[in-house]
Amino acid sequence: MPHFLDRMAEDLVKAKLENYWPGFELVAYAIYDRSKVYLFNHPKFSNNPPCTYHILKWDTEFTADTIIMYEEYPTAIVNLDHYKEYEDLFSIAVHELFHGYQYIKDEKRFPDEMMGITYPLSKENVELRNQERANLYCAMLENNLINKKQYLNAFISLREKRTAKIEEYLTYENLIETIEGPAWYVELKAYSEKSPLDNDSVLKKYAQQLINKYESTSCIRRSCYSSGLFMCS
């Protein structure tokens, strides 16, 4: 039995989740490995105190780190084998739980994924997009309020320039940022709370994807996660 399951149950309660995002509500969640599933907070399964979870035999329904409808209820699932440290496991669980929260709040702002297939990777758009992301990165790290405002104004100006050229594709980016950005934001806050790293080190760790020029052009969808994250910050 993983020794930190009770710790997860103590940490993943509504009162603490609201420190990451106002109104953040807890759905069901499951931590699993190749043999067992440890299911928490599911309305169709009761737990006998002091046990805080229900143990199931693993099956193929539990695959990857994601949100699924398990027994007709949104359930965040996280593969225990993917993580060695508690802060990594915990923060990913918070991330997926946020997607569950979005589900129960009837979130509708999802992008048209066909737009990603035809996304314009013109030289001009790529260069402007990388400049935009660099300014957002600098704004995030800047402590001087005047300089921070200048970086943010440059970010906004560059985004407006790109919007004028590829409006419908900027809507695609914005919708991904709206869905995934907050999930990454609560993940970062959860990781920072549990990690021995200082806040600046955590920010820089998460910011690497923001300034990775290769990823910003090779995987448009995923690159929007980090921009969405730091637009929440």
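The values are calculated or read from the model by the stated rules, or taken from the named source; none is laboratory data. Note that the structure is predicted; figures quoted are calculated from it, not measured. Glycine gets a Cβ as well: all are built from the backbone with ideal geometry, and neighbour counts include every protein chain shown. Note: accessible area is taken over every heavy atom of the protein model, side chains too, but ligands, DNA and RNA are not part of it. Shrake-Rupley method; radii C 1.70, N 1.55, O 1.52, S 1.80 Å.
Values computed for the structure shown
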| item | result |
| --- | --- |
| Probe 1.4 Å, all protein chains present, accessible-area order of Glu173, Glu61, Glu168, largest first | Glu168, Glu61, Glu173 |
| Degrees, to the nearest 10: 145-165 long Cα axis against longest axis of the chain | 80 degrees |
| Sulfur and carbon atoms: percent of accessible area, the chain [1.4 Å] | 52 percent |
| Point-charge dipole on Cβ atoms (K/R +1, D/E -1) for the chain, about Cα centre, debye to 20 | 540 debye |
| Rough spin-label spacing in nm, given labels placed 7 Å along Cα→Cβ, for Ser157 and Thr171 | 2.8 nm |
| Projected-area average for the range 44-172 over all orientations - Cα convex hull basis, square nanometres | 12.7 nm² |
| Modelled FRET efficiency - R0 35 Å, Ser46 with Phe110, Cβ distances, 0.05 increments | 0.55 |
| Descending semi-axes in whole angstrom, ellipsoid equivalent of the chain, from the Cα gyration tensor | 35, 20, 15 |
| Long-range amide H partners of Lys36 with built H, under 5 Å | Trp58 |
| Rounded to 5, the percent of DSSP beta bridges in the chain classed as antiparallel | 70 percent |
| Estimated FRET transfer efficiency (Ile117, Thr63; beta-carbon r; R0 22 Å; 0.05) | 0.35 |
| Degrees separating the helix 123-141 axis from the principal Cα axis of the chain, which is the longest one | 60 degrees |
| Long-range HN-HN contacts of Ala28 with modeled amide H, under 5 Å | Ala76 |
| Principal axis dimensions, largest first and in whole angstrom, of the range 87-150 by Cα | 38, 37, 23 |
| Asn143-Glu18 FRET efficiency (beta carbon distance; Förster radius 35 Å; 0.05 resolution) | 0.80 |
